[in-house]
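> Can you keep this structure in mind? I'll have questions shortly.
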Amino acid sequence: MSDTISKYKIGDAVMVAAENPTGNPRTPRYIRGKRGVIGLVHGILENVRDHRGIHKPLYTVRFDLSEVSTCHEQDSIWVDVHEEWLTELKQDS
Amino acid sequence: MVTEDNRKERGDYDDFLKIKKKEHHGTLDERMVGVEQDLNDYQELLEVFVQALIRRGWATRDDLAQRWKQLHEERPWAGGVIVAKAWADPDFKQALLTTGREALREMGVHQGKVGKLVVVENSDKVHNVIVCTLCSCYPYDILGDTPWWYKHESYRTNIVQNPRACVKDMFQLEIPTAKELQVWDSTSDVRYFVLPQRPARTEGMSEQELAKLVTIDSLIGAGYALEPSQLREREAAHVEPEMPRVRPD
């Protein structure tokens, strides 16, 4: 599941921006500034009903539960995030 | 009654609705009084609107009663049929998990166009739960209305903060520690539902019978599909939902 319009692919480590005033506002607060891994690549989805305009490619990003909450179980939270919120996380950083 | 597909919705994105949103200030008690007052006003408005519809012949009381029943039925709309087919037909299941809506189109299930559909499968290793922490995104066009708690703030907050405790407290669901709990937080463009595990003691059942075992909770991960004996208990205890009062003309 990869395409030419999406910058990231499944398995890429990414970081969500802490803030992004011009980005898609439907990015939940609890994942902002958090590290995750690309879980699904959706490409550009048109959703004229809910959005004005077309947004950047969409991903479902997998976060360890411990990254986004105070719990330590080996569980995970998967959240839909648009590309403008993500930066690649280098393995050595 | 026909609901237009391009109807106005999602107040936070639609200026048309945004201007109608009221804000309340002051202490919690004062704000609650304000919200109570709003609810009364809206109820009044709704009653007037319903009467106008009936008077103009655009809807009948039977239409409204039927719609009310439909919205309050525990049975998920197409969810049961889809899941039963996936349990019975491995090829369809594979198509459903990989292509989502496309598989449904081939099956002939009526569906609107609320976003991309992703179906996540429960197994002995993974238990999936769906939420929309921002509002109430959900594949309405396929599954019908959400259960009331899906929109409740406590669910939307707790399910991503402490998912195991949340499903235990709210739904008496204890997920074995050997299973990974995966919570899917939908933000509008993708809509999710859970493919529950096929319950025990269902060998040899037809798809039609299997479909009845699928509860709306099991499609969100807040429960398991029913065993046949549990379904019989439920059916024995069934109570018809009561229609809200509409003022006489």
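> Among the residues of the stretch B:121-135 satisfying the criterion of being surrounded by fewer than 20 Cβ atoms within 10 Å (Cβ to Cβ) and modelled with pLDDT of 95 or more, which is farthest from A:Trp78 (Cα to Cα)?
Only one residue tops the list, namely B:Asp124.
> Out of the residues in the stretch A:53-81 that are in a loop (DSSP other than H, G, I, E, B) and facing chain B (nearest Cβ under 7 Å), state the one that is farthest from B:Thr157 (Cα to Cα).
Applying the filter and picking the extreme gives A:Gln74.
> Give the number of residues within the stretch A:28-52 that are of a type outside the set (S, T, N, Q), out of contact with any strand residue (DSSP E or B) (no Cβ under 8 Å at 6 or more places or on another chain) and either modelled with pLDDT of 95 or more or assigned to a loop (DSSP other than H, G, I, E, B) (or both).
Residues that pass the stated criteria total 7.
> If you don't mind, another one. Please indicate, with yes or no, whether at least one residue in the stretch B:164-184 is closer than 29 Å to B:Trp68 by Cα, at the interface with chain A (Cβ under 9 Å from one of its Cβ atoms) and surrounded by 16 or more Cβ atoms within 10 Å (Cβ to Cβ).
Looking for residues that are closer than 29 Å to B:Trp68 by Cα, at the interface with chain A (Cβ under 9 Å from one of its Cβ atoms) and surrounded by 16 or more Cβ atoms within 10 Å (Cβ to Cβ), one finds none in the stretch B:164-184, hence no.
> Give just the number: which of (1) outside any helix (DSSP H, G or I); (2) of a type in the set (A, V, I, L, M, F, W, C); (3) in contact with a Gly (Cβ under 9 Å, 6 or more places away or on another chain) does B:Leu134 not satisfy?
Every condition holds for B:Leu134 apart from (3).
> Could you check the stretch A:9-37 and list, in sequence order, the residues that are under 11 Å from the mean Cα position of the chain (by Cα), of a type in the set (A, V, I, L, M, F, W, C) and within 14 Å of chain B (Cβ to nearest Cβ)?
A:Val16, A:Ile31, A:Val37 - these are the residues of the stretch A:9-37 that are under 11 Å from the mean Cα position of the chain (by Cα), of a type in the set (A, V, I, L, M, F, W, C) and within 14 Å of chain B (Cβ to nearest Cβ).
For (1) over 27 Å from A:Ile44 (Cα atoms); (2) within 14 Å of chain A (Cβ to nearest Cβ); (3) not polar (S, T, N, Q), each residue gets a yes or a no:
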| position | (1), (2), (3) |
| --- | --- |
| B:His127 | yes, yes, yes |
| B:Ser136 | no, yes, no |
| B:Trp149 | yes, no, yes |
| B:Ile159 | yes, yes, yes |
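> Going by the structure shown, is B:Leu64 at pLDDT 85 or above, of a type in the set (A, V, I, L, M, F, W, C), not assigned by TED's automatic domain parsing to the domain that holds B:Ile159 and not in a loop (DSSP other than H, G, I, E, B)?
yes
The values are calculated or read from the model by the stated rules, or taken from the named source; none is laboratory data. Values in this document were obtained by computation on a predicted structure and should not be read as measured data. With ideal geometry, Cβ positions are generated from the backbone for all residues, glycine too; neighbour counts draw on all protein chains shown.
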